[in-house]
Amino acid sequence: MSAFLTQLVNSFQSFFSRGFWFGNFLPVAIFMVVNLIIAATAFPEAVQFWAWLRQPGASEVASYAPLVVGGLVVVAYALAPMIPTCQAILDGRLLPAWLHDGIRRRRLPELRRIRERLNAAVKTYADYELLGGTAIRQAWAARSLGMTRQPPISGRTEIVAAETALTAFRRAMESRGRLPAIADAEAAVQAVVSALSLSNAGLPANHPNAE
């Protein structure tokens with residue numbers, strides 16, 4: 001029995017490509033078998049599939065096998081040109097305008113909320129990317145300015161404020177699981193810039209004014 005089915009399948013394989021077997025025949029075969037099982041389970045008196053399987057006689061199964069495989073091949077070959085149309089119907093491209101718009105209308109509020117969150121995330125990312133470039137330039141400029149200052153230097157208050165701002169920003173980012181508002185980042189950057197501009201980073205560690 002298995003040898004006969006193998007010979008039958010091999011004979012059919014020579015007529016069609018592998019794409020047909022996996023892209024057209026296999027989905028049709030699986031669909032047919034699943035629906036046959038459902039029908040036999042739901043309507044056992046009308047579709048006596050389980051009773052037919054329990055009947056002895058491999059010759060009868062062998063006689064039906066070519067018809068079943070041939071029928072599935074014909075159905076799969078006939079449905080092949082309809083696959084793009086079915087896909088277009090399922091994704092909504094070929095649905096009637098009234099049905100397509102009605103389905104989309106129910107999802108518009110959710111779609112708007114998703115787009116608003118996406119636009120906000122994209123804007124926040126762009127703002128942080130822009131701030132990253134300007135913050136580095138401002139920090140280097142402030143450091144250069146601070147290193148020109150001579151003692152006595154009064155920058156300890158600004159340094160404490162910068163540490164406090166950076167700590168608050170880090171905690172806000174960790175607690176929310178996302179980037180805080182760009183205003184919080186700008187405030188932290190300005191606090192660091194102010195501290196660098198009012199303190200001399202080049203002072204030795206043992207200097208009385210070294211921070």
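Note down all Cβ pairs under 7 Å where the first residue falls in segment 155-178 and is touching a residue at least 40 places away in the same chain (Cβ under 8 Å), the second is aliphatic (A, V, I, L, M) and assigned to a helix (DSSP H, G or I), and they're at least six residues apart or on different chains. Every condition considered, the pairs that remain are GLY155/ALA195; GLU158/ALA195; ILE159/ALA195. If only residues of segment 1-42 that are loosely packed, with under 11 Cβ neighbours inside 10 Å and aromatic (Phe, Trp, Tyr) are counted, the one that is modelled with the lowest pLDDT is PHE15.
Counting the residues of segment 160-195 that are assigned to a helix (DSSP H, G or I) and at pLDDT below 80 gives 1.
Here GLU110 meets each of (1) at pLDDT 85 or above; (2) in the same structural domain as VAL193 (by TED's automatic domain parsing) with one exception, condition (2).
The values are calculated or read from the model by the stated rules, or taken from the named source; none is laboratory data. As the structure is a computational prediction, the values presented were derived from the model and not from experiment. Every residue, glycine as well, gets a Cβ built from its backbone with ideal geometry; the counts of neighbours run over all protein chains shown.
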